[in-house]
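Nothing in this text is a laboratory measurement; each read-out follows from the coordinates by a stated rule. Just so we're clear, the structure is a prediction, and the values are computed from it rather than from any experiment. With ideal geometry, Cβ positions are generated from the backbone for all residues, glycine too; neighbour counts draw on all protein chains shown.
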Amino acid sequence: MNIGDLNRRIAFVTYEDVEENAIGLTEIEEKELLTCWAKIEPARGREYYEAQKIRTENTYKITIRYCKTVDDTMLIRYKTQTFEIQNVVNPGMANRFLEIYCAEKVRGK
């Protein structure tokens, strides 16, 4: 992997509960955990039917430098796109890079 390929700035975010509001409901707040440089490339696209509507799911492979705190409970933000992490792979167990397979769900027509 050429380090110059990591040319997109991404942020790892999570949602956490904040204190209760005036009517007793717990508010959820988005918290940015870390930012790093990444390579984003599409893996595949597929369409499937859900509740009689076509839904499109675009799958991406995001490559970053190794970071032991990244797991599949986080979300990834890149500009206006949000990705759900499906799998985190440490190729060759070398602790050099992480390959993160994630999906961006977009509503079909």
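Some observations on this one:
- Given +1 at the Cβ of Lys and Arg, -1 at the Cβ of Asp and Glu and no other charges, the dipole of the range 3-107 around its Cα centre is 800 debye to the nearest 20.
- Under 14 Å from the Cα of Lys61 - aspartates and glutamates, other chains or at least 8 residues apart: Asp5, Glu41, Asp72, Glu84, Glu99, Glu104
- 3J(HN,Hα) couplings calculated from phi for the range 57-70 with the Karplus curve 6.51 cos²θ - 1.76 cosθ + 1.60 (θ = phi - 60°) are, in sequence order, 10, 9, 9, 10, 10, 10, 10, 9, 5, 4, 8, 6, 8, 7 Hz; Gly and Pro show x.
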